[in-house]
Amino acid sequence: MLAKTFAGVLLGLPLSMALMSLAIWLWPHSESVVIPMLVLFFPVWIGIMAATFLFRSGPRAWAWLAAANAGAYAALFLAKHTLPGL
């Protein structure tokens, strides 16, 4: 249970940051949604932390969250290098 908690806290933070950054980057006229996305950052992080308790084991939670982080940051990288943004 402690492994799931640490996975949610330590890997949930960068995952929620990547998801909010991706949402800001892909939103049209993104300068108008920065503050609302910053407000949504904490509920997303709490949701990710809560969702880690749905995994059967701690290593599985770490693996899935690490893969989700890699995917989110890869999507953010692709969005920044292929789509016009700020």
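The values are calculated or read from the model by the stated rules, or taken from the named source; none is laboratory data. All figures in this text were calculated on a predicted structure; none of them were measured in a lab. Reconstructed Cβ throughout: ideal geometry from the backbone, glycine too, with neighbour counts over all protein chains shown. Surface accessibility is based on the protein's heavy atoms, side chains included, excluding ligands, DNA and RNA. Shrake-Rupley method; radii C 1.70, N 1.55, O 1.52, S 1.80 Å.
How many residues does segment 59-86 hold that are touching a helix residue (DSSP H, G or I) at 6+ places or on another chain (Cβ under 8 Å) and either basic (Lys, Arg) or outside any helix (DSSP H, G or I) (or both)? The total comes to 4.
The number of residues in segment 1-10 that are open to solvent by less than 30 Å² (accessible area, probe 1.4 Å) and either in contact with a Leu (Cβ under 6 Å, 6 or more places away or on another chain) or outside any helix (DSSP H, G or I) (or both) comes to 1. Looking across segment 27-40 at every residue that is among the hydrophobic types (A, V, I, L, M, F, W, C) and either part of a helix (DSSP H, G or I) or open to solvent by less than 40 Å² (accessible area, probe 1.4 Å) (or both), the one that is farthest from Ala3 (Cα to Cα) is identified as Val33. A single member of Ala61, Ala70 is within 30 Å of Leu2 (Cβ to Cβ), buried (at least 17 other Cβ atoms within 10 Å of the Cβ) and either modelled with pLDDT of 95 or more or within 16 Å of the chain's Cα centre (by Cα) (or both), and it is Ala61.
Going by the conditions given, is Arg56 part of a loop (DSSP other than H, G, I, E, B), free of Cβ contacts under 8 Å to residues at least 24 places away in the same chain, open to solvent by 90 Å² or more (accessible area, probe 1.4 Å) and out of contact with any Cys (no Cβ under 6 Å at 6 or more places or on another chain)? Step through it out loud before you land on a result.
On the way: part of a loop (DSSP other than H, G, I, E, B): yes; free of Cβ contacts under 8 Å to residues at least 24 places away in the same chain: yes; open to solvent by 90 Å² or more (accessible area, probe 1.4 Å): yes; out of contact with any Cys (no Cβ under 6 Å at 6 or more places or on another chain): yes.
Yes, satisfied.
One line per residue, one yes/no per condition, for (1) open to solvent by 50 Å² or more (accessible area, probe 1.4 Å); (2) modelled with pLDDT under 95; (3) more than 12 Å from the chain's Cα centre (by Cα):
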position	(1), (2), (3)
Pro14	no, no, no
Ile24	no, yes, yes
Phe42	yes, no, no
Met49	no, no, no
